[in-house]
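Enquirer: Pasting a structure below so you can have a look.
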Amino acid sequence: MSINVRALAADDEQSAQEALSEHPQPDRVRELVRMLVEKVEADPARLRAAAAAARSRCGDLASQGEPPQRLRPYLVAEALAVRGLAVIEEAAGGTTPDGPAHTERVHARKKRRPASGRKLAWVVRLPPIDPPFTEDQRWRDGCMMAPLSWRQRVLRQLFPRRDVRNCCYYHGQDFHAIAAAVNAVHRQLRRSGLDGDDAGELTFRLLDGYGLSEDEHSTAVLLLAEDCGIQISRSPGERRWTYDEGRHRARALMDAGVHRILITVTDDRRSQD
Ligand SMILES: [Zn+2]
């Protein structure tokens, strides 16, 4: 891949940096930087490669005459990677233990793997959705078969999609609205301490207040149900997470750039049998 640096104006890069500095949710930017650092296992070479790839792609698009809004996500990706590099360098430089760099370093190192149970998870941290896909799914949800890189997933967090499309059942729903309802109802249910039929009844009563469409309501009910929402698990000795349920729902959440969603986690990695 050729790097066409000249096609990029310096003020484009500056505006990408500013976009991050002035992002309305600085915590989100910090979280994304931490995730990037974690993703490359704090390896500066891998992060430099990610920055170079984003820059190169951006240069190619610029030389093809693509408009600035098409370039911006790549510039922001590069800016995020540069911030990640700064975090790694600060950590390597051994800054004061109580400083913010230390906190970032601890977060970067800590493998915040979820323990088992139901919890609100960062969508960007859900496992990748790998093939094989059944032919039936290909016919029905071909729009969901295209690979989605972790870089695209990170970018989608900063540039969420709020439109609904008519390509398939799930993309036709507003997953931002669904996730907001599901996560809020989950919290309320937990506070109520109810279970069984009482919990089910309360779930439906609470969901009614969110103005979801019929399909969105059905999806929310699925996501709230332990055995048919998004379920991920890991077998003994296994590093990789797999989906037991909810790959399409997870993909739709990733495509929309939703931040958090209720999931069910079963981690048997460290168990003996
Ligand atoms: Zn679709």
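Enquirer: Any idea what angle helix 100-109 forms with the longest principal axis of the chain, computed on alpha-carbon atoms, 0 to 90 degrees, nearest 10?
Expert: 60 degrees
Enquirer: Please arrange Lys119, Lys39 by counting, for each residue, the other beta carbons lying within 10 Å of its beta carbon, fewest first. Could the numbers behind the result be given before it?
Expert: Working: Lys119 14, Lys39 18.
Fewest to most other Cβ atoms nearby, the residues stand as Lys119, Lys39.
Enquirer: Calculate how large, on average over all directions, the projected area of the Cα convex hull of the stretch 151-273 is; give the answer in nm² to one decimal. If you can, show how the numbers build up before the last one.
Expert: Working: hull surface 36.3 nm².
For the Cα atoms of the stretch 151-273, the hull's average projected area reads 9.1 nm².
Enquirer: A further question on this structure: Helix-only estimate, please: 222 nm mean residue ellipticity of the chain, summing -39500 (n - 2.57) across DSSP H runs of length 4 or more and dividing by its residues, to the nearest 500. Don't skip to the end; give the middle numbers.
Expert: On the way: 11 runs with 148 residues, N = 273.
Rounded to the nearest 500, the figure is -17500 deg cm²/dmol.
Enquirer: Note the angle between two axes, namely the Cα long axis of helix 214-224 and the longest principal axis of the Cα atoms of the chain, as a number of degrees from 0 to 90, rounded to the nearest 10.
Expert: 90 degrees
Enquirer: Another question, then. To two decimal places, what compactness ratio does the chain give when its Cα radius of gyration is scaled by 2.2 N^0.38 Å?
Expert: Numbers: Rg = 20.5 Å, N = 273, 2.2 N^0.38 = 18.5 Å.
Taking the Cα Rg and dividing by 2.2 N^0.38 Å, one obtains 1.10.
All of the numbers you see were taken from the coordinates with simple rules; none came from a lab. Being a predicted model, the structure only gives us computed values, none of them experimental. Backbone-built Cβ (ideal geometry, glycine too); neighbour counts: all protein chains shown.
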